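Heads up: the structure comes next, in structure tokens.
The values are calculated or read from the model by the stated rules, or taken from the named source; none is laboratory data. Everything quoted here is computed from the prediction, not taken from an experiment. Heads up, the Cβs are rebuilt from the backbone with ideal geometry, glycines too, and the neighbour counts pull from every protein chain shown.
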Amino acid sequence: MTVFWRSRVGTDRGANDGMVGEVARSHTGESRNLGQMARILLTGGAGFIGSHTAVVLLERGYNVVLLDDFSNADRGVLERIQRISGIEIPVIEADIRDELALTRAFSTFPVDAVIHFAAKKAVGESEVEPLLYLDVNIVGTVRLLAAMQRVGVSRIVFSSSAAVYGEPEICPITEAAPAHPTNVYGRTKLVMEGMITDLVRTGAIQSAAVLRYFNPVGAHPSGLIGEDPRGVPANLMPYLCQVARRRHPFLRVFGDDYPTPDGSGIRDYIHVMDLAEAHEFALRRTLGHGGIVTVNLGTGTGYSVLQLVAAFEAATGKKVPYSIMPRRPGDVAECYADASLAAELLQWRATRTIEDMCRDAWRWESRAAF
Ligand code: NAD
Ligand code: WQD
């Protein structure tokens with residue numbers, strides 16, 4: 001059975017709090033070794049990257065608790081995670097800014113570590129509603145860290161972003177590159193990284209892994225879970241999928257005059273399953289070591305917009321009409337990772353190809369259409 005525990009910032013906690021279902025039995029298979037028996041709380045676990053990470057962790061024998069306010073996720077994802085994994089997991093519906101709800105969650109489900117996905121993540125929106133981003137991302141993380149400290153949870157894996165680098169001086173980007181975010185969203189990530197670093201330095205947190213994702217795309221190969229943007233997608237892959245599905249007449253290619261081989265912008269697209277698996281590697285390190293690591297999660301290879309269109313057409317057999325438009329304000333010519341530190345510190349490397357990303361994104365998109 002799944003636990004639903006509802007609690008929202010600014011609502012009457014007395015009326016909304018408390019169990020409305022039966023307490024779940026977390027999955028603990030007998031054949032699993034002790035190292036894999038840890039219980040992990042995933043904030044934002046119903047979202048795009050969180051849901052895929054939940055599936056990977058469940059498959060690898062971890063006990064998983066999801067916490068999400070469903071502000072950017074469909075509750076239907078919970079049933080689909082269960083269908084893929086065959087495991088029912090506890091779910092707490094709460095806002096990370098609600099420290100009381102977090103403390104109660106930790107008391108009800110003692111955990112060994114937290115993976116902190118929950119955040120607002122739209123770059124454009126962050127420039128329009130900066131205070132919302134400061135509140136959810138920064139205040140929310142302060143409350144989470146405070147609740148963790150109160151109950152003695154001292155290990156965290158944190159979702160950061162290549163957005164912390166801003167306009168890169170050199171590609172591939174190493175973790176030592178200067179961090180000069182160019183928007184509010186990226187700055188909140190850098191501030192949160194700094195907070196976690198300080199807590200590790202001062203001993204309040206024992207161990208942390210800060211993961212700077214590049215451009216996550218694709219979906220679980222079952223086609224049951226994937227990226228589910230609300231409204232018109234701002235990111236390339238979901239928009240491109242919607243063009244293939246004929247929801248838009250053509251893809252707008254933002255610029256063909258960049259100093260790149262074909263003139264379109266280059267990014268480091270990474271399959272969300274590779275990314276999800278990286279979290280398990282990061283978790284293992286965080287559970288087994290003290291201190292903090294900060295690593296890029298990318299493939300280390302950049303693809304241009306036009307290369308992605310060609311790969312998508314080859315992988316899916318779908319035509320993607322496009323039209324060249326002016327550059328999008330704030331975009332850079334190229335942004336791709338030096339992925340060697342993650343290989344060295346986490347023993348993780350991305351393995352899936354650009355064709356895998358396109359095929360799996362399309363399987364999810366075409367399934368979601370019917
Ligand atoms: P997502 O929006 O799909 O998932 C975030 C989840 O957090 C959602 O389920 C949402 O409902 C939940 N959430 C938001 N505010 C909350 C709150 N106040 N309390 C509780 N839950 C809340 O996003 P995603 O793509 O899965 O991203 C996960 C993390 O990775 C985010 O921190 C994001 O900034 C980071 N990241 C994402 C990308 C990307 O391109 N998707 C790239 C780099 C970094
Ligand atoms: C990729 C390329 C566009 C849409 C953003 C955030 C980053 C991270 C990931 C959270 C660029 C081009 C796009 C379209 C296009 N998110 N493009 N037509 O901007 O690299 O990164 O998402 O942390 O912080 O900034 O990703 O997918 O928007 O763009 O031509 O309709 O596709 O110009 O070259 P971006 P994207």
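When each of ASP257, ASP268 is tested for being acidic (Asp, Glu), touching a Gly at 6+ places or on another chain (Cβ under 8 Å) and within 15 Å of MET357 (Cα to Cα), the lone residue that passes is ASP268. Selection of strands (runs of 3 or more DSSP E) fully inside segment 260-338 by the criterion of at least 1 residues being within 12 Å of ligand 2 (Cβ to nearest atom) and β-branched (Val, Ile, Thr) returns 269-271, 322-325. Annotation note: of PRO216, PRO238, the sole residue that is within 16 Å of ligand 1 (Cβ to nearest atom) and more than 30 Å from GLY288 (Cβ to Cβ) is PRO238. Among the candidates PHE117, PHE106, the residue that is within 16 Å of ligand 2 (Cβ to nearest atom) and touching a strand residue (DSSP E or B) at 6+ places or on another chain (Cβ under 9 Å) is uniquely PHE117.
Which of the residues spanning segment 123-136 are buried (at least 18 other Cβ atoms within 10 Å of the Cβ) and within 11 Å of ligand 2 (Cβ to nearest atom)? VAL123, SER126 - these are the residues of segment 123-136 that are buried (at least 18 other Cβ atoms within 10 Å of the Cβ) and within 11 Å of ligand 2 (Cβ to nearest atom). The selection criterion, being at positive phi and either out of contact with any strand residue (DSSP E or B) (no Cβ under 9 Å at 6 or more places or on another chain) or among the basic types (Lys, Arg) (or both), does not hold for GLY124. I want to confirm something. Restricting to segment 311-352 and keeping residues that are over 22 Å from the mean Cα position of the chain (by Cα) and without any contact (Cβ under 8 Å) to a residue 40 or more places away in the chain, which single residue is surrounded by the most Cβ atoms within 10 Å (Cβ to Cβ)? Among those that are over 22 Å from the mean Cα position of the chain (by Cα) and without any contact (Cβ under 8 Å) to a residue 40 or more places away in the chain, it is GLU313. Looking only at segment 276-310, residues that are more than 19 Å from the chain's Cα centre (by Cα) and either of a type in the set (Asp, Glu) or at pLDDT below 95 (or both) come to 0 in all. Residues considered: GLY290, GLY203, GLY255. Of these, the only one that is surrounded by fewer than 23 Cβ atoms within 10 Å (Cβ to Cβ), under 27 Å from ARG60 (Cα atoms) and more than 16 Å from ligand 1 (Cβ to nearest atom) is GLY290. Note on segment 14-66: residues that are assigned to a loop (DSSP other than H, G, I, E, B), at pLDDT 95 or above and surrounded by 15 or more Cβ atoms within 10 Å (Cβ to Cβ) total 7. Restrict the check to segment 243-252 and report whether at least one residue is out of contact with any His (no Cβ under 9 Å at 6 or more places or on another chain) and assigned to a strand (DSSP E or B). Yes, segment 243-252 contains a residue that is out of contact with any His (no Cβ under 9 Å at 6 or more places or on another chain) and assigned to a strand (DSSP E or B).
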